[in-house]
Structures are given as structure tokens and as C-alpha cells.
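Working notes for the structure below.
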Amino acid sequence: MNNVVILPVVIPLITGIVLILAKKNLNLQRSLSVLSFAALIVAAGRLVHLAATEGIQTLYLGSWVPPFGIVLVADMFASLLVLTAGIVSLACLLYSFSAIDKDRESYFYYPLVQFIVAGVCGSFLTGDIFNLFVFFEVMLIASYALISLGGEKRQLRESLKYVLVNIISSVMFVMAVAYLYATLGTLNMADLSLRVAAVGQEGIVTVIAILFMIVFSLKSALFLYYWLPGSYSAPPAPIAALFGGLLTKVGIYALFRSFTLIFYHQPEVTHQLLAWLAGLTMVLGVLGAVAHWDVRKILAYNIVVAVGFIVFGLAVSSSTALSGAIYYLLHDMIIKALLFLLGGSMIAVAGTGQLRKMGGLIKRYPVLGWMFFIGALALAGIPPLSGFIGKLLLIQGGLEQGLYWLVAVSLGTSLLVLYSMLKIFMNGFWGEEKNHQAQGNGSITRHLVPCGFLVALAVGLGLGAEWVIPYIQIATETLLNPELYIQAVLKE
Amino acid sequence: MEILMSIVVGVLFTVGTYLVLTKSLLRIILGTAVLSHGVHLLLLTMAGLKTGAPPLLGEQAGSYTDPLPQALILTAIVISFGVTAFFFVLAYRSYQQLGTDDMEKLRGNDDE
């Protein structure tokens, strides 16, 4: 029992409510939001420390002992994700001070950001599968509002699709929960894991597992990603960065949790399927990234590719591959937010998102250009930046398990990812300046501070791998040994 | 009773799917509402429709109905109510802004 576990959920939730009351006072809203995320990062750091020194932390809400009540569980995997989510959202928040227009700001932008983060942290920390659904909805409703905030034509059109796809996947989520409760009679994840282990994962349980796989694939854009590029390129840069950094990662987290903790007994069915989905996601995602000429579309398709990479680690499920997947997941949260923020700055200075209409930005904005270059290299996995170690471990794990075709696909994909990022760099930053770029708004100096912070983090995560790896190994150990999780939750 | 409920759930799912696949935005929203009703009924049915006493533990606690599915349904209904309300507002706003509620015509080019 440890009360720190609930802080990452409660801090943004309460701050969000307070911010609604302070609608008129924008300065107060800004400073309170920053304070809230700073407190969130401190709490998450404490959780990571506790998970490293004292093992998995739990909190029984209302002192209802599991499997009857809702339990919050902070193992190393969840704590690391909460910490990264806090850092990414703080960077997006700082960026939005100078990038979000007054209209959006005064219509509850900051409270919505707080709610989205509360939902994300809640999904990471919960140990109950229905509560996971509830936190998913908290996060999704805030994201519906954020994606349509501003009401431009393009935003409305894309948010219609986004809302529809997510409602249908939520309906399927409840359906899967209903079947699960009917079959096993519990919803606590640790208890579920015990019962699946007891009755064996046959027939109906595997079907339920695949239903969950479909739901989480829709949410995390694994193979069923068709809604993503349109919706994520519609809202302004800080919102898109927040979505790209956090929302799909929650779906991935749910996949990891359910297929390492609960449904791990028939890897020849479920994990085989995950391997195929991961391969297809990588190929189709990278084709989209290579084909488009719009900065936001290219970045959005790169989210899809990264989902394929991470799930590749889950499909292999060996110790090396899982470490690689976790490392890549943390790296990807940071780098995706960074690239969306930099892409937003590019569009702000060039006045357009179309690569064919921009060029020569590096002459006037060298810092932006070089930061984008570092981000692109980190995304493609060039050593010594942060993407490299994750990819190395993933590929090593894939080779150990003899999944040569998947390794080949991921290596080929990496090259194409690099090509798509360099396409942005060459067309946007090199070459001749186009005349109409004067239309763009020239002041982006304040944008560069949070971006610089994220670049430093990406470089640090690559160079400082020695300090990060021990934490990731603890996280991997919990994922590989469900007994640790079950012990921590059910016994105390 | 469970079999009858399963058939009702099936009919609701059929109707919901049909409505979601139509072009008109209003029908799509009604379709999602019907779908979520179907799934709520499924949630209730799946735990078994026992005819026990209300779930209050007292001196003479005999067989009682499982309260958990009802708690789950309550949460799910509230959520789907909120989401449907939001979807209606969103649809109305986009009808004003885009001038159509036909999903086919909403497909535009990306440069606006």
C-alpha cells in the first residue's frame, strides 16, 4: 500500500477542475498547468525510485482488497511510462504557450490537456481491466474535445472519423470485458492471470484474447491505423505532439500488459498473429511515409511504423526483445513529440505543410534545422542517439528467436524511415527559398526551448544508456515473470 | 431468458452495424447509440440473469444477484451517454461548418 501511486492521476485531475474555474485568467492557467506537470514528474520519479528499490507498489482504492476492489499497480514498466508521459506533456505544454492561439487557449485548452494526462497516467497505473476502459474513456473524451477545438473545417472532418472509430473500438472493448467476465468471473488483472493459468488458455479464452488484440490495435494503430494519419495531422502542432507522444502508446501499453500478464499461454496463436500484424504495420506505415509530401502526414505515418517496431518486441517476447521494445517505447514517446513540435515550427515559419512549396529554411532558422536533423537521425536509429539501442536489442532478440523475415522487414523499414525523414530535411531545409514564405510567422525562438529540452533528452537517452538499462531490465523482468506482479497485487 | 437476451443483443448489433455503415451522419450516430445499448445488454446477460435476491449481505444472505455487472453497466451507460451527446454536438457543428451531413461528400482534398 502506497499512496504515491495515485498522485499521477489525482494531480492533473484536480488541477484540471481548478483550471476550469479559473477560465478568465490565462496566466494563472499557464502557471498552474506547469506546476501540476512538475509535481507529476516528481511523483513519477518517486515511483520509479520505489519500484527499483522496494519492488512493485500497489494501492487498494477504498481499502477493498483485490480481487474485489479496484487496485492501482505501479511496476517499473508503468512507472517509467508515467515519468516519460509527464516529461513529454510538460514539453508540449511549454511549447503551446507560444503556439496556441488565444481562442483555443481561452476555451479550456489547458484543462483538457490536464484531463488527457490524467487519463493516460490512469491507464498506465490501473490493475483492473474495466478501470482500464474507464481511464481510456477519460483520455479519449478529452482528446475528442482537443482534436475538434477550434472548429476548422479540416479538424471537424477528421474528428468525426476519429470519434466514430474510437466509439466503435470502445464498444468492442466493453464486449470483450463482458465475455471475459462471463468466462473467468473476475476483472482484476492479477486474478485474471491466475485463473487463465489455472483453466488453460483454450478456445474461448483465445478468442477473447484476439478480441482484446483487435480493440487495442485500433487504439494503438497497430495495422488498423487508417484513422490515424488524417486525425493526427488536423489539430495544431502541440496537440498533435501530445497525441503522437501519448495516445497510441497507451494502446501499446495495454497490448503489452494483456499479452505478457494474462494471455501468454498460447504464443503460437496470439504472438504469431502479433508478429504478422507488426510486420504489416511497418511495411504499410512506411509506404505511407514515403509516399506523402506533407510534413504532418509523413510524421503521422512514422508513428504507425514505430508501433510496428514496438509490437515486434512483444511478438518475440524474449528478454532481449522486450527490453528493446520498452527502450524503444520510451524513446518513441519523446522523439514523436519532438518531431511533431519541430514540424509545427516548420509549418509556422514556412506558412505551409507542403514540402514542394517550402525550401531553404536552414538559412534563416539554423537551430531548428539542426534539431530536426538530430531528431530524424534518432528516429531512424543512428548511433549513438536514443533509437539505436532499442532497435539493436529488438533485432538481436528477433535473431535469437529465428524470426529472420521480421528482422529483415524492420531493417528495410528503418532505411525507408530515414529516407522519409531526410525527404523533409532536404526539401524543407535545403535548396532555394520560395518567395511566399514571407507569409509565415517568423518568431519561433520561444518554440525552441521545449524542443531543445526534448533533443537533449533524446541524446541523453542514447548516450546515457548505461544508467537507463538497469531500470529497463527491472521492467522486463516483471513482464517476463507474471508471478511477481500477481504476488505484489494479491498478497499483502 | 439468456437465449432471448442474446437474440435481442444480436438484433441490436445488426441494426447498429447497418446504421453505422450508412452515409448520413445522423444515422451513424444513432447506430453507435444502438450498438452501445446492445453491448450494455450483453454485459448484463453475460454474467447470467440470476433470479436471486438483491445484493445486500445481511443476516439471511442466501443466493443473491451478482452486483458487479450492474456497476459496470452503470459506468458504461454514463460514458456512452456523454460520448453520444458530444458526437451529436460535433455533428451539428460540422453540419453548420461544412454544409453537409453526407459522409461521402465530406471526403475533401487535404489542402484547405
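Work out the mean other chain Cβ neighbour count within 10 Å for the residues of A:183-195 and drop it here as an integer.
Details: counts 1, 0, 4, 1, 2, 0, 0, 0, 0, 0, 0, 0, 0.
Mean number of neighbouring Cβ atoms from other chains: 1.
Cα atoms only: what Rg and Dmax, in Å, come out for chain A?
Values for chain A (Cα only, Rg and Dmax): 21.4, 69 Å.
Before rounding to the nearest 500, sum -39500 (n - 2.57) across all DSSP H runs of length at least 4 in the protein assembly as shown and divide by the residue total; then give [θ] at 222 nm in deg cm²/dmol. Don't skip to the end; give the middle numbers.
Numbers: 26 runs with 442 residues, N = 604.
Value at 222 nm, helices only, nearest 500: -24500 deg cm²/dmol.
Return the distance in nm (one decimal) between the two label points of a simple spin-label model at A:W467 and A:I204, each offset 7 Å from Cα along Cα→Cβ.
5.2
Can you give the FRET efficiency to the nearest 0.05 for A:S319 and A:M426, using r as the Cβ-Cβ distance and R₀ = 41 Å? Intermediate values should be presented prior to the final figure.
Working: r = 40 Å, r/R0 = 0.96.
Efficiency at R0 = 41 Å is approximately 0.55.
Within 10 Å of each Cβ in A:168-174, how many Cβ atoms from other chains are there, averaged over the peptide?
Numbers: counts 7, 0, 8, 13, 2, 2, 12.
Averaged over the peptide's residues, the number is 6.
Checking the table A:K249/A:K336; A:K102/A:K363; A:K102/A:K249; A:K161/B:K23; A:K23/A:K153; A:K219/B:K23 against a 19 Å threshold on Cα-Cα, which pairs fail? Before the final figure, lay out the partial values.
Values: A:K249/A:K336 11 Å; A:K102/A:K363 30 Å; A:K102/A:K249 29 Å; A:K161/B:K23 13 Å; A:K23/A:K153 26 Å; A:K219/B:K23 24 Å.
Exceeds cut-off: A:K102/A:K363; A:K102/A:K249; A:K23/A:K153; A:K219/B:K23.
Toward the positive end of the charge dipole of chain A, about the Cα centre and with charges on Cβ (Lys, Arg +1; Asp, Glu -1), which of A:V48, A:L377, A:G185 goes farthest?
A:L377
Hull surface divided by four, with the convex hull built on the Cα atoms of segment A:39-163: how many nm²? Intermediate results must be reported in sequence, preceding the final value.
Values: hull surface 35.6 nm².
About 8.9 nm², averaged over all directions.
Only four residue types carry charge here, +1 at the Cβ of Lys and Arg and -1 at the Cβ of Asp and Glu. Report the dipole size of the protein assembly as shown about the Cα centre in Debye, rounded to the nearest 20. Please report the intermediate quantities before stating the final value.
Numbers: 32 positive and 30 negative charges, 347 e Å.
Magnitude of the dipole: close to 1660 debye.
Using only Cα atoms, locate the centre of segment A:340-387 and the centre of segment A:109-174, then give the distance between them in Å, rounded to an integer.
Cα centroid of segment A:340-387 versus Cα centroid of segment A:109-174: 29 Å apart.
Rounded to the nearest whole Å², what accessible area per residue is found for segment A:1-150 with the 1.4 Å probe?
Details: 4960 Å² over 150 residues.
It amounts to 33 Å² per residue over segment A:1-150.
Ordered by residue, what ³J(HN,Hα) values in Hz, to whole numbers, does segment A:79-85 give under the Karplus form 6.51 cos²θ - 1.76 cosθ + 1.60, where θ = phi - 60° and Gly and Pro are x?
My calculation for segment A:79-85 gives 5, 4, 5, 4, 4, 5, 4 Hz in order.
How tilted is helix A:248-257 with respect to the longest principal axis of chain A? Cα atoms for both, answer in degrees (0 to 90, nearest 10).
The answer is roughly 20 degrees.
Which of the peptides A:389-396, A:48-55 is most tightly packed, and how do the rest follow, going by the mean number of other Cβ atoms within 10 Å of each residue?
Numbers: A:389-396: 22.9, A:48-55: 14.8.
In decreasing order of mean packing, A:389-396, A:48-55 become A:389-396, A:48-55.
Based on the Kirkwood radius over alpha-carbon pairs, what value in µm²/s does the Stokes-Einstein equation return for the translational diffusion coefficient of segment B:1-106 at 10 °C and 1.306 mPa s? Display every interim value, and only then the final one.
Numbers: Rh = 15.9 Å.
Translational diffusion coefficient: 100 µm²/s.
Taking Cα atoms, how many degrees apart are the long axis of helix A:404-424 and the longest axis of chain A, rounded to 10 and kept between 0 and 90?
30
Hey, what's segment B:12-82 come to in accessible area per residue, 1.4 Å probe, Å²? Intermediate values should be presented prior to the final figure.
Details: 4030 Å² over 71 residues.
Per residue, segment B:12-82 has an accessible area of 57 Å².
Using mean Cβ contacts within 10 Å as the protection proxy, how do A:308-315, A:352-359, A:257-264 order, highest first? Display every interim value, and only then the final one.
Working: A:308-315: 27.8, A:352-359: 18.5, A:257-264: 22.6.
Most protected by this proxy first, the peptides run A:308-315, A:257-264, A:352-359.
If I model a spin label at A:A291 and B:Q97 as a point 7 Å from the Cα along the Cα→Cβ vector, what separation in nanometres do I get?
2.7
Could you calculate the FRET efficiency of A:L415 with A:W276 from 1/(1 + (r/R0)^6), where r is the beta carbon distance between them and R0 is 22 Å, rounded to 0.05?
On the way: r = 21 Å, r/R0 = 0.97.
E(calc), rounded to 0.05, equals 0.55.
Once you place label points 7 Å from the Cα toward the Cβ at A:I14 and B:S63, how far apart are they in nm?
4.7
Take the alpha-carbon centre of segment A:200-235, take the same for segment A:239-318, and report the distance between them in whole Å.
10
Over all directions, average the projected area of the Cα convex hull of segment A:284-423 and note it in nm². Display every interim value, and only then the final one.
Details: hull surface 30.4 nm².
That works out to 7.6 nm².
Measure nothing but the geometry: give the 0 to 90° angle between the long axis through the Cα atoms of B:25-46 and the longest principal axis through the Cα atoms of chain B, rounded to 10°.
Between the helix axis and the principal axis of chain B, the angle is about 20 degrees.
Can you list the residues of segment A:220-261 with backbone N under 19 Å from a point 7 Å past the Cα of A:T445, pointing along Cα to Cβ?
Answer for segment A:220-261: none.
The values are calculated or read from the model by the stated rules, or taken from the named source; none is laboratory data. Everything numeric in this text was worked out from a predicted model, so none of it was measured. Cβ sites come from the backbone with ideal geometry, for glycine too, and all protein chains shown count toward neighbours. When the accessible area is computed, the model is the full protein with side chains, heavy atoms only, and any ligands, DNA or RNA have been set aside. Shrake-Rupley method; radii C 1.70, N 1.55, O 1.52, S 1.80 Å.
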